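Here the structure comes first, spelled out in structure tokens, and everything after it is commentary.
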Amino acid sequence: MAQEDFKRKLTSIFSADAVGYSRLMGEDEAATVRTLTSNRNVISSLIKQHNGTVIDSPGDNLLAEFVSVVDAVQCAVAVQNELKARNDELAENRRMQFRIGINLGDVIQEDDRIYGDGVNIAARLEGLAEPGGICISKTTFDHIESKLPYGYEFLGDQTVKNIAKPVGAFRVMLEPRVTLTGKPVDDKRRAIRRRPILVGAVIVLVLAIAVGIWYLFMRPTQPPKETASTEKMAFPLPDKPSIAVLPFINMSGDPEQEYFSDGMTEDLITDLSQISGLFVIGRNSTFTYKGRPVKIKQVAEELGVRYVLEGSVRQAENVVRINAQLSDATTGGQLWAERYDEQMDNIFLLQDKITQKIVETLAVKLMIDEKEAIPKKETDNLEAYLTFLKGWQYYRRYNPDAFLEAIPLFEEAIELDPNYWRVYAVLAKIYLQVYKKTVWSRSLGLTRYKALGRATKYLNTAMKGPTPIAYNVSAEMHMGRGDFEGAIAEAERAVNLDSNDPDSHFAMGLALTTASRHREAVDSFKRAMRLDPFYQDTLAYRLGVAYFFMNKMEKAATLLERSFKSNPKNDIPLLYLAATYAYLGRQQEAEAALATHREINPQYSYLRYLKYGFRFKDPADFQLLADGLEKAGMK
């Protein structure tokens, strides 16, 4: 017998199909295709959110699989509720409903496809479902009956096409079942209650014994939950509840609304990070998962956290809906899942609800000032907030072209709310970076010193309601003036405001480096890296510089090499790398680093950099770099 080149597995199969698709196409092809595409995106996003995988999507059908049958049914309910909400906004003759069938069964897997009776049964169950409804197999029902709060109606053993034996089928009630004493769920249960108690008890006992025997000896093996291993985590778990907030999925069907879902995610990260009893991973790292099919286990192990928050955002006219779920990666369990519907005017209240729910779930004790801070928002002007978020999506790209798009939006936000202090701080940050980079100032049509003037003006206003960004900008300005202790004091204020902000710890490390307190700087840079595990090249560069001045040249070389490989256009690390190689006796590599630096920036003045590019409190630091560059062959 030939050896099979495929494998078998037990999986949960999810089959969905549009109702009345041909009729809709006949009436309006373009509108039907748009609706189908939008609904497919919704279903696919919810499948991903519930840890499933889309296998195929031919025509108006969609096939997916789940490791957990509980996840499959929860996903189906979420899909039907979401599609119902969307259909309520459409004319009745343009509504598109889906039937969903779910089966737990054995399948054949070949490459990325699955085949077999397990798949066929799911498709037949889908045909038995009502429009907008869910039909599940008996094997599915047996696994979820006591795990999910839904009602179920037994449809009997159904004879279906191309399946040899009848299939037990159940209809899923989308509303949670009633469990109050004396209040039956439906007529069938009411009828059961009328039977003699003794007969009922005997039947229940017999069924319990039969189910127990089946469960012990004949039940299909349910795949184990995927749990994160603390031994496999990239970092040890912190000594406080640790959480990563994944980018919320934009469910609006409009890519232009991406700024809103991203902004909501970032604001949740900011709100949580200001709570001292939590350890919160920074935005730079969590947003690397945006648009990627990842599992909770993977996120937890790569970032070194126990809890993961994920969800979706849908904005339609003046209503916003957020679905959020918090999972414990170490157990594979879901701690809670909530759906929030609010008018846009109440968006700030909605954010507070999610933050407080997380704090309560993780049993985090709040300091008195933190209890007051959660309900305190930077603005109560919705239009100003949305305008700021639009500008923020450009600011995050961090280049002069994006700044040109962001600046007018930030200025508009200030016009809408003159007391929106964070906007002033961000504008100060933009103009300070423009001042520091001549090429950027040219792109914005400003002289460097005019940019510095604007940065100073905006910072002075921002300090009326200081934020971590404002303190970080202030620390940088103090460094530029050679006020090392002032820079450290401002960075410390930023860290005290938000102990989970990687940027504030980076600002502290930079201030300590310029003050020649390199050992302390290393601790701050490492803290920033732990909060932002997928850190940018600048952070590796600055930590490498700190090790350089501590005469730990091997560590310095490793980090400076990593920084340059991450961003080969940044030539500054090459200066330190050349000096580091020289001290390590790696002369050829030192000369090569200098040569590469000259290729990238042939007009660069080494002398100008040594005098003005980086101010040092201790003259010995200046001399260490100068001597290293001379050894490397700098002339």
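What to note about this one:
- The percentage of C-alpha pairs in the chain whose separation is greater than 37 Å is 48%.
- Alpha carbon centroid spacing (whole Å) that separates the range 112-161 from the range 243-307: 34
- Other residues within the sphere of radius under 12 Å centred on the Cβ of residue 461, judged by their own Cβ, net out at +4 (K and R +1, D and E -1).
- Taking amide H atoms as placed 1.01 Å from N in the peptide plane, the amide H of residue 155 lies under 5 Å from those of 169, 170, 171, each 5 or more residues away in sequence or on another chain.
- Entries of 9/84; 436/464; 290/457; 138/357 with Cα pairs more than 29 Å apart: 9/84; 290/457; 138/357
- Ordered by the number of other Cβ atoms lying within 10 Å of each residue's own Cβ, fewest first, 17, 401 fall into the sequence 401, 17.
- Residue exposure proxy: 424, 583, 307, ordered by other Cβ atoms within 10 angstrom of their Cβ from fewest to most, comes out as 583, 307, 424.
- Long-range amide H partners of residue 279 with built H, under 5 Å: 242, 243
- Label point distance in nm, residue 396-residue 519, each placed 7 Å from Cα along Cα→Cβ: 4.0
- Sparse-neighbourhood loop sites, chymotrypsin sites (Phe, Trp or Tyr not before Pro) in the range 1-76 - DSSP loop, at most 15 other Cβ within 10 angstrom: 6
- Given 12 as the ceiling on other Cβ atoms within 10 Å, longest exposed-site-free region of the chain for GluC sites (Glu not before Pro) in DSSP loops: 318-635
- Partner aspartates and glutamates for residue 161 [C-alpha distance under 13 Å; skip if fewer than 8 residues away on the same chain]: 117, 126
- Treating each Cα of the range 1-114 as an identical point scatterer and summing with the Debye formula, the log10 of I(q)/I(0) at q = 0.17 Å⁻¹ comes to -0.81.
- Contour minus Cα-Cα distance for residue 85 and residue 419 (0.36 nm per residue): 116.5 nm
- All Cα pairs of the range 474-534, percent lying beyond 20 Å: 17
- For the range 23-32, 3J(HN,Hα) computed residue by residue from phi via the Karplus equation (6.51, -1.76, 1.60; θ = phi - 60°) reads 5, 4, 5, x, 7, 7, 4, 4, 5, 5 Hz, glycine and proline entered as x.
- Using only the C-alpha atoms, the convex hull of the range 282-351 corresponds to 106 Å³ per residue.
- Under 16 Å from residue 353, Cα to Cα: lysines that are on another chain or at least 8 residues apart: 371, 376, 377
- Shape summary of the range 381-465, radius of gyration then Dmax from alpha carbon positions: 12.2, 36 Å.
- In sequence order, calculated HN-Hα J values of the range 534-542 (Karplus, 6.51, -1.76, 1.60; Hz; x Gly/Pro): 9, 5, 7, 4, 4, 5, 5, 4, 5
- Computed helical MRE - 222 nm, the chain, DSSP H runs ≥ 4 contributing -39500 (n - 2.57), nearest 500: -16500 deg cm²/dmol
- Linear extension gain, residue 231 paired with residue 551, 0.36 nm per residue minus alpha-carbon span: 111.9 nm
- Sequence of 286, 139 once ranked by neighbouring C-beta atoms within 10 Å, starting from the fewest: 139, 286
- Between the beta carbons of residue 630 and residue 485, assuming R0 = 30 Å, the FRET efficiency works out to 0.45 to the nearest 0.05.
- Partner lysines whose Cα lies under 19 Å from the Cα of residue 565, excluding those fewer than 8 positions away in the same chain, are identified as 555.
- The simple Förster model, with R0 at 25 Å and r as the Cβ-Cβ distance, assigns residue 162 and residue 25 a FRET efficiency of 0.40.
Read-outs: derived from the displayed coordinates by stated rules, not from any lab. Bear in mind the structure is a predicted one, so any value in this text is a computation, not a measurement. No Cβ is skipped: glycine too gets one built from the backbone with ideal geometry, and neighbour counts run over all protein chains shown.
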